[in-house]
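Following: one structure in structure tokens, then a few remarks.
The values are calculated or read from the model by the stated rules, or taken from the named source; none is laboratory data. All figures in this text were calculated on a predicted structure; none of them were measured in a lab. Cβ coordinates were reconstructed from backbone atoms using ideal geometry, including for glycine residues, and neighbour counts include every protein chain displayed. Accessible surface areas use protein heavy atoms only, side chains included; no ligands, DNA or RNA. Shrake-Rupley method; radii C 1.70, N 1.55, O 1.52, S 1.80 Å.
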Amino acid sequence: MRSEYQHLIDLSDYPVTWWKRIIELGEKIKNDPSEYAHVCDGKLMATLFYEPSTRTQMSFQTAMIRLGGKIIGFDNPANSSVSKGETLKDTTKIVSSYSDVLVIRHPIPGAAKAASLTAGCPVINAGDGGHLHPTQTLTDLLTLKIEKKTLSGLTVGMCGDLINGRTVHSLCKALCMFPDNKFIFISTPELRMPAYIKDIITAHGSTFEEIDSLEEAIGRLDVLYMTRIQQERFASREDYLAQKDTYVLDHQKMLLAKKDMIVMHPLPRVDEITVEVDDDSRAMYFTQARYGVFARMALIMTILGDKKTSETLIGKTYNSVKCDNPNCITNHEPYLPKSFRSSGDSTLLECEYCDERKLI
């Protein structure tokens, strides 16, 4: 299935040369933002935020306004027709008919892909459940390029909730496309990185190791990417409380790190980074959030400037096959075509919306 619009659902849909183009443009905008102040004059961006957000939503809004455009949308589905039972398809079709680009954040994996099937304008995925967050990845890549001067040869530690962390999923998939990057995954057994992400890393020739001690890993890292233990992704508060204080970055642990290691975090933080770390010159998370505006300005310009069509569904439709992920958008919006990719193994299918694997 093809769309007449260019969407950003997953960075993997684009070649690395396209990512580099966004990053290079983001650097140019950072160095001279006034030059781009009227690029989107007369353009309208709609933001559909089905779950709470501060940085991503305001970053997109700031980006569009700084480009000269305007914004519409909602940040609480209870204040929209969604509360009356309107489907994602109907909301998307209506709002996209009012706008030039649509930005969606949704708690259900695959929702952005689903929205792109019927939208009347380009769709940008601003996070779909614990699945993907490609614009945070562009922000992260821009931060690494500016602060580390390279996207290759890095030892990257990812710490915390790795099973639900869409930011680390997207960043792993991106960084393994650059040579000589190594990953150290720091988490409890219950919060390990999903198997499909580890398979992608291995398939691209990168290496990873899994450990449960931040102190053991930190001295080897060029980058430490901390993540919040996400209460909203746990089945119960008891499960959340059992994990929440496992990893805390503080001044004592920072003493074990390299002098040029940088600390990143997609924010918001709760208590996984103590406030004393904020004064360390290696703490980049607030700078990282500022760079997000430049990355999203570059993305909006590129999406609106390129008139290329894009593939939406490239797999095979199996109307009688159900995705095994109960949270997949296809199990919430039953009208969606059940599209699966084949991995080469005739008995293994991969859901095109949420990447869940299924044996048949």
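Among the trypsin sites (Lys or Arg not before Pro) in region 86-171, which ones are in a DSSP loop with at most 16 other Cβ atoms within 10 Å of the Cβ? Mind listing them?
Of the trypsin sites (Lys or Arg not before Pro), the ones in loops of region 86-171 whose Cβ has at most 16 other Cβ atoms within 10 Å are K149.
Determine the calculated [θ] at 222 nm for the chain from helices alone, applying -39500 (n - 2.57) to every DSSP H run no shorter than 4 residues and normalising by the residue count; nearest 500 deg cm²/dmol.
Value at 222 nm, helices only, nearest 500: -9500 deg cm²/dmol.
Around N76, under 13 Å between beta carbons, what's the net of Lys plus Arg minus Asp minus Glu among the other residues?
-1
Only Cα pairs under 8 Å and at least 6 apart count here; give the relative contact order of region 264-360 as a rounded whole percent.
It rounds to 18 percent for region 264-360.
What's the carbon and sulfur percent of the chain's accessible surface, probe 1.4 angstrom, rounded to a whole number?
50
Size of the dipole of region 280-360 about the Cα centre, Lys and Arg at +1 and Asp and Glu at -1 on the beta carbon, nothing else charged, in debye to 20?
Magnitude of the dipole: close to 220 debye.
In a GNM of the chain with a 10 Å cut-off on Cα contacts, which of L102, L144, L256 has the highest mean-square fluctuation?
L256
With springs only between Cα atoms under 10 Å, which of T227, T54, T347 fluctuates most in a Gaussian network model of the chain?
Comparing T227, T54, T347 in the GNM, the peak value goes to T347.
Roughly what % of DSSP beta bridges within the chain run antiparallel, to the nearest 5?
Counting only bridges with both partners in the chain, antiparallel ones make up about 25 percent.
Using +1 on the beta carbon of Lys and Arg, -1 on that of Asp and Glu, and nothing else charged, what's the dipole of region 37-163 about the Cα centre, debye to 20?
For this selection, approximately 240 debye.
Cut-off under 18 Å on the C-alpha distance; same-chain residues fewer than 8 positions from K198 excluded. Which lysines are left, in chain and number order?
Partners within reach: K173, K182, K358.
Of P334, G315, A298, which is farthest on the positive side of the dipole of region 296-353, counting Cα position, with +1 on Lys and Arg Cβ, -1 on Asp and Glu Cβ, and the Cα centre as origin?
Value computed over the given set: A298.
Would you mind computing the Rg to Rh ratio of region 36-121 from its alpha-carbon coordinates, Kirkwood style for Rh?
Answer for region 36-121: 0.97.
With +1 on each Lys and Arg Cβ and -1 on each Asp and Glu Cβ, how big is the dipole of the chain about its Cα centre, in debye rounded to the nearest 20?
Here the size comes out at about 1000 debye.
Would region 268-326 count as rounded, prolate or oblate if I go by the C-alpha gyration tensor, calling it rounded below 1.5 in a/c and otherwise prolate when a/b exceeds b/c, oblate otherwise?
It comes out oblate by the Cα gyration axes.
Using modelled amide H (1.01 Å from N, peptide plane; none on Pro or chain starts), what sits under 5 Å from the amide H of I262, excluding residues fewer than 5 places away?
Counting only residues 5 or more places away or on other chains, the set is V223, L224.
Among all stretches of the chain without exposed GluC sites (Glu not before Pro) (DSSP loop, at most 16 other Cβ atoms within 10 Å), which one is longest?
Counting at most 16 other Cβ atoms within 10 Å as exposed, the longest clean stretch of the chain is 87-360.
Provide the net charge surrounding D324, with neighbours chosen by a C-beta distance below 12 Å and charges set as Lys +1, Arg +1, Asp -1, Glu -1.
+1
Which listed residue (L67, M177, T56) has the Cα farthest towards the positive end of the charge dipole for the chain, taking +1 on Lys and Arg C-beta and -1 on Asp and Glu C-beta about the Cα centre?
Value computed over the given set: L67.
Set the Förster distance to 35 Å, then compute FRET efficiency between N319 and R220 from the Cβ-Cβ distance, nearest 0.05.
Efficiency, rounded to the nearest 0.05: 0.10.
Where in the chain are the DSSP H helices whose alpha-carbon span along the long axis reaches 24 Å or more and whose Kyte-Doolittle mean is at least -1.0?
285-305
Take the alpha carbon atoms of region 190-221, find their center, do the same for region 294-318, and report the distance between the two centers in whole angstrom.
So the two Cα centres are separated by 29 Å.
In region 274-301, which residues have a backbone nitrogen under 12 Å from the label point lying 7 Å from K259's Cα in the Cα-to-Cβ direction?
none
In square nanometres, what is the average projected area of the Cα convex hull of region 250-360?
Mean shadow area of the hull around the Cα atoms is 11.9 nm².
Give the accessible surface of region 5-143 per residue, rounded to a whole number of Å², with probe radius 1.4 Å and ligands, DNA and RNA excluded.
It amounts to 38 Å² per residue over region 5-143.
I need the trypsin sites (Lys or Arg not before Pro) found in region 264-311, filtered to DSSP loop residues with at most 13 other beta carbons within 10 Å of theirs.
Sites meeting the loop and neighbour criteria: K307, K308.
Sticking with the crude label model, points 7 Å out along Cα→Cβ, report the distance from T202 to E311 in nm, one decimal please.
The modelled label-to-label distance comes out at 2.5 nm.
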